[in-house]
């Protein structure tokens with residue numbers, strides 16, 4: 001069984017993936033690998049001999065930040081539109097409708113709404 005786990009650990013792991021083989025508390029034995037594009041792979045062996053592989057890619061991190069920024073901009077646009085409607089003659093001023101629109105925006109842009 002352990003030889004199968006070690007073979008899986010030695011296999012190519014896509015950058016940005018988290019591969020969990022087994023369970024347990026990790027001990028201090030860590031092997032780090034780094035590729036030319038800055039991607040890192042960390043192999044941790046837990047107390048039971050299971051191997052945990054963690055990978056990190058700067059390109060994937062940058063992509064995640066861009067996605068977060070786009071979602072935050074969309075959520076803020078909805079809030080600004082609601083705020084502008086309060087000052088207009090035929091804008092939405094009913095508290096129930098405003099709360100409903102805020103709830104819809106929170107559902108649609110949930111990733112950004114949780115960070116605000």
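The values are calculated or read from the model by the stated rules, or taken from the named source; none is laboratory data. Everything numeric here is computed off the predicted structure, so don't read it as measured data. We place every Cβ from the backbone using ideal geometry, glycine too, and count neighbours over all the protein chains shown.
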Legend entry - Unmet criterion (only one of (1) touching a helix residue (DSSP H, G or I) at 6+ places or on another chain (Cβ under 8 Å); (2) in contact (Cβ under 8 Å) with a residue 24 or more places away in the chain; (3) not in a helix (DSSP H, G or I)) for residue 91: (2)
Legend entry - Candidates 23, 66, 84 - the one that is out of contact with any strand residue (DSSP E or B) (no Cβ under 6 Å at 6 or more places or on another chain), at pLDDT below 80 and loosely packed, with under 12 Cβ neighbours inside 10 Å: 23
